[in-house]
Amino acid sequence: MDFPEYFPIWDQLNQEQQNRLLGSLITRRVAKGTLLQGESSGCAGLFLVRSGQLRAYILSEGGREITLYRLFDRDLCLFSASCVLRSIQFDVSIEAEKDTELWVIPAEVYKSILEESAAAANYTNEWMASRFSDVMWLMEQILWKSLDRRLAGFLLEEASLEGTQELKITHETIAHHLGSHREVMTRMLRYFQNEGLVRLARGRITILDESRLRDLADS
């Protein structure tokens, strides 16, 4: 499928606006681990995911990461074009969690369409509100939910995304997602292993008791 089938408001744009978008699109194919945008990358443009998986995260002054949200097929990343949205006052980094194909819409092109199209402006506002809801949910998790419950929820989410109980993931990667330290994750995972919830191996975590993990995550 091509870009018009992935862009939800395509039919609400006029012919000139559609041609402007198509004429400016950049198609990228990036490997897992590619950093698409760093803290000082400026206004990279809007990312629309065709296939694959991206991760948006922020960095603390001490270099710790925490995942804000993930992007999947058909998801649009607005934070990569912060210059379009004057209210955005923080830097977001974006990396590929899997081999990914995406379109990049140059920020200046999208901004010009926003100024002309009520449909584009409404869609952008709705999408931004949804993303801020995701971030607020994350803040609630960090403030009010214990780390063992957050870890249990993360492992279940990974198993659902990957379609397997055997996760190829390192303790450091989990720490980056949850905004913690590798050593803390290792201790917590060893506790989970001692409780019979998971089995640990180098670069792998196998879920043994999904039901008890879910009870922990929901407690």
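Restricting attention to region 114-126, does a residue exist that is in contact with a helix residue (DSSP H, G or I) (Cβ under 7 Å, 6 or more places away or on another chain), part of a strand (DSSP E or B) and not hydroxyl-bearing (S, T, Y)?
The answer is no, given that none of the residues of region 114-126 is in contact with a helix residue (DSSP H, G or I) (Cβ under 7 Å, 6 or more places away or on another chain), part of a strand (DSSP E or B) and not hydroxyl-bearing (S, T, Y).
Determine whether E5 is part of a loop (DSSP other than H, G, I, E, B) and over 17 Å from L114 (Cβ atoms).
Working: part of a loop (DSSP other than H, G, I, E, B): no; over 17 Å from L114 (Cβ atoms): yes.
Against the criterion (part of a loop (DSSP other than H, G, I, E, B) and over 17 Å from L114 (Cβ atoms)), E5 does not qualify.
Which residue is nearest to the chain's Cα centre (by Cα), if the candidates are limited to region 131-172 and must be among the small types (G, A, S) and surrounded by fewer than 13 Cβ atoms within 10 Å (Cβ to Cβ)? Let's see the steps before the verdict.
Step one: of region 131-172, the residues among the small types (G, A, S) are 133, 146, 152-153, 159-160, 163.
Then keep just the ones that are surrounded by fewer than 13 Cβ atoms within 10 Å (Cβ to Cβ); that gives 133, 146, 160, 163.
Values: S133: 13, S146: 22, S160: 15, G163: 18 Å.
Only one residue fits best here, namely S133.
Which one is surrounded by the most Cβ atoms within 10 Å (Cβ to Cβ) among residues in region 24-70 that are charged (D, E, K, R) and outside any strand (DSSP E or B)? Please lay out each step first, then the result.
Just the residues of region 24-70 that are charged (D, E, K, R), to begin with: 28-29, 32, 39, 50, 55, 61, 64-65, 70.
Filter once more, keeping what is outside any strand (DSSP E or B): 32, 39, 61, 64.
On the way: K32: 12, E39: 10, E61: 5, R64: 15.
Of everything passing the filter in region 24-70, R64 is surrounded by the most Cβ atoms within 10 Å (Cβ to Cβ).
Kindly indicate whether any position in region 137-152 is assigned to a loop (DSSP other than H, G, I, E, B) and either modelled with pLDDT under 95 or not assigned by TED's automatic domain parsing to the domain that holds L35 (or both).
If we filter region 137-152 for residues that are assigned to a loop (DSSP other than H, G, I, E, B), which is where we start, we get 145-146.
This time we only want the ones that are either modelled with pLDDT under 95 or not assigned by TED's automatic domain parsing to the domain that holds L35 (or both), so: 145-146.
Within region 137-152, one or more residues are assigned to a loop (DSSP other than H, G, I, E, B) and either modelled with pLDDT under 95 or not assigned by TED's automatic domain parsing to the domain that holds L35 (or both).
Pairs, please: C-beta under 8 Å, at least 6 apart or cross-chain, first residue free of Cβ contacts under 8 Å to residues at least 40 places away in the same chain and closer than 10 Å to F154 by Cβ and in region 168-182, second surrounded by 14 or more Cβ atoms within 10 Å (Cβ to Cβ) and among the acidic types (D, E)?
Cβ pairs passing all conditions: I169/E158.
Taking the criterion of being β-branched (V, I, T) and modelled with pLDDT of 90 or more, would at least one residue in region 85-99 satisfy it?
Filtering region 85-99 down to residues β-branched (V, I, T) leaves 88, 92, 94.
Narrowing the set further to residues that are modelled with pLDDT of 90 or more leaves 94.
Yes, because at least one residue in region 85-99 is β-branched (V, I, T) and modelled with pLDDT of 90 or more.
Residue-by-condition table, conditions (1) surrounded by fewer than 18 Cβ atoms within 10 Å (Cβ to Cβ); (2) under 25 Å from the mean Cα position of the chain (by Cα); (3) not hydroxyl-bearing (S, T, Y):
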| residue | (1), (2), (3) |
| --- | --- |
| I174 | no, yes, yes |
| H181 | yes, yes, yes |
| R187 | yes, no, yes |
| E195 | yes, no, yes |
| R199 | yes, no, yes |
| L208 | yes, no, yes |
| D215 | yes, no, yes |
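So which residues in region 153-192 are more than 22 Å from G63 (Cα to Cα), part of a helix (DSSP H, G or I) and of a type outside the set (D, E, K, R), if there are any at all?
First, the residues of region 153-192 that are more than 22 Å from G63 (Cα to Cα): 153, 155-168, 189-192.
Pick out the ones that are also part of a helix (DSSP H, G or I) and you get 153, 155-162, 189-192.
Matches in region 153-192: G153, L155, L156, A159, S160, L161, L189, Y191, F192.
The values are calculated or read from the model by the stated rules, or taken from the named source; none is laboratory data. What you see is a predicted model, and the numbers here were worked out from it, not measured in a lab. All Cβ positions, even for glycine, are placed from backbone atoms using ideal geometry, and neighbour counts span all protein chains on display.
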